[in-house]
Amino acid sequence: MWLFQNTIILEIPKYSILGFKKFLGKVVDKIEDVAEEVKESYDERQERKMDEQDFEDLVDEKKEELLDKFEMKDLKDLCKNILGEVPESEWDDEDGEEYEIKPKRKNYLEFIDDAMDEEDLNFEQIKNFSIKRKIVSKSFFDFEYQESGSTNEFDRIIQTIENEFPAEKIYDEKELQAQLTIFLKTKYPDSDVKREISNNDGGFVDILMDEKYAFELKVPRSRTELRNLRGQIEEYQEDYSNLCVVIFENEDYDISDDIEKYVNIYHEKYDVSSVVLHGKKRK
């Protein structure tokens, strides 16, 4: 430091200036890296939005194709069974006499579209109805997975349960139900996971995910319970085309062979997948 015409001059060592430049360079590099990450994240989000929109457009097209296969009776039953109502008749008079104009096919299709816009009806409900009535086969809906470029989403969820769900000690089916519900909510935070949802026959499915993936849970003590499950599967398949059985095999009971036998029956006869968890029932 030295004085020149009443002004203090600070001498900064050359190595300090070089160090500061190096520091600034690192800061700039870091900012550029962060900016690139943000840009990539934004691009990925935009691409995902485009994919989702394309898929939604495809679902709309498939819905139109599906409803074209419905007879008038099917359209009436769909509205009556799911919405609880049908399009109203119109009345007109001619020569002083009043007569009824019954809803035509066009009126039913508009009624269904309006219900979907109001979210009183969704594609999954129409899909399940059409499969139950044998209007189309399950293969009609393979586009849901082919277009996403992935395997069946339901299969992936089942695999996740099989590979990652901790088979902790449980007391009964209620506790297993609670644990699996928490697991699914944690693993799939954007999904709607509900417990004990009633079906049209007055029964209850243990867990329902996104209104389309159903899980029936069992902690069997005997072969009889596994045999009786066949009736429940038949009942639930009338409402849900995607059904999985989750069985907790209690090591205190010697029914491994029976479980293996009925798991094969569920698959071969009903095309239903099963997940078998192993552990000990909590006293």
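Somewhere in the range 242-251, is a residue outside the structural domain of residue 139 (by TED's automatic domain parsing), under 18 Å from residue 154 (Cα atoms), surrounded by fewer than 18 Cβ atoms within 10 Å (Cβ to Cβ) and in contact with a strand residue (DSSP E or B) (Cβ under 6 Å, 6 or more places away or on another chain)? So far as the range 242-251 goes, no, none of its residues is outside the structural domain of residue 139 (by TED's automatic domain parsing), under 18 Å from residue 154 (Cα atoms), surrounded by fewer than 18 Cβ atoms within 10 Å (Cβ to Cβ) and in contact with a strand residue (DSSP E or B) (Cβ under 6 Å, 6 or more places away or on another chain). The residue of the range 106-159 that is modelled with the highest pLDDT, among those that are in a helix (DSSP H, G or I) and among the basic types (Lys, Arg), is 106. For the range 82-92, the criterion of a residue being outside any loop (DSSP other than H, G, I, E, B) and either assigned by TED's automatic domain parsing to the domain that holds residue 211 or under 26 Å from the mean Cα position of the chain (by Cα) (or both) is satisfied by at least one position. For residue 262, are the conditions met, namely being over 22 Å from residue 179 (Cα atoms), crowded, with 21+ Cβ neighbours inside 10 Å, in contact (Cβ under 8 Å) with a residue 24 or more places away in the chain and of a type outside the set (A, V, I, L, M)? Yes, satisfied. Among the residues making up the range 195-228, those that are in contact (Cβ under 8 Å) with a residue 12 or more places away in the chain, surrounded by fewer than 20 Cβ atoms within 10 Å (Cβ to Cβ) and farther than 15 Å from residue 125 by Cβ are 195, 196, 201, 203, 221, 222, 223, 227. In a residue-by-residue description of the range 208-219, the property of being in contact with a strand residue (DSSP E or B) (Cβ under 9 Å, 6 or more places away or on another chain) and more than 30 Å from residue 81 (Cα to Cα) applies to at least one position. Would a scan of the range 53-71 turn up a residue that is in contact with a strand residue (DSSP E or B) (Cβ under 9 Å, 6 or more places away or on another chain), at pLDDT below 90 and among the aromatic types (Phe, Trp, Tyr)? No, the range 53-71 has no match at all.
Limited to the range 72-115, what total is found for residues that are closer than 24 Å to residue 60 by Cβ and among the small types (Gly, Ala, Ser)? Number of matching residues: 1.
Before we move on, is residue 236 hydroxyl-bearing (Ser, Thr, Tyr), assigned by TED's automatic domain parsing to the domain that holds residue 261 and not in a helix (DSSP H, G or I)? No, not satisfied. Here residue 241 passes the criteria (1) at pLDDT below 90; (2) within 14 Å of the chain's Cα centre (by Cα); (3) farther than 28 Å from residue 137 by Cβ except the one numbered (3). When residue 254 is tested against (1) part of a loop (DSSP other than H, G, I, E, B); (2) touching a residue at least 60 places away in the same chain (Cβ under 8 Å), only condition (2) is not met. When the range 238-251 is filtered for residues that are more than 12 Å from residue 266 (Cα to Cα) and either in contact (Cβ under 8 Å) with a residue 60 or more places away in the chain or among the basic types (Lys, Arg) (or both), the ones remaining, listed by number, are 238, 239, 240, 241, 242, 248. Scanning the range 166-196 for residues that are of a type in the set (D, E, K, R), closer than 17 Å to residue 250 by Cβ and part of a helix (DSSP H, G or I) gives 173, 174, 175.
Is it fair to say residue 100 is without any contact (Cβ under 8 Å) to a residue 60 or more places away in the chain, surrounded by fewer than 11 Cβ atoms within 10 Å (Cβ to Cβ), acidic (Asp, Glu) and in contact with a strand residue (DSSP E or B) (Cβ under 7 Å, 6 or more places away or on another chain)? It is true that residue 100 is without any contact (Cβ under 8 Å) to a residue 60 or more places away in the chain, surrounded by fewer than 11 Cβ atoms within 10 Å (Cβ to Cβ), acidic (Asp, Glu) and in contact with a strand residue (DSSP E or B) (Cβ under 7 Å, 6 or more places away or on another chain).
The values are calculated or read from the model by the stated rules, or taken from the named source; none is laboratory data. A quick note: this is a predicted structure, and the numbers were derived from the prediction, not measured. All Cβ positions, glycine included, derive from the backbone under ideal geometry; neighbour counts span all protein chains shown.
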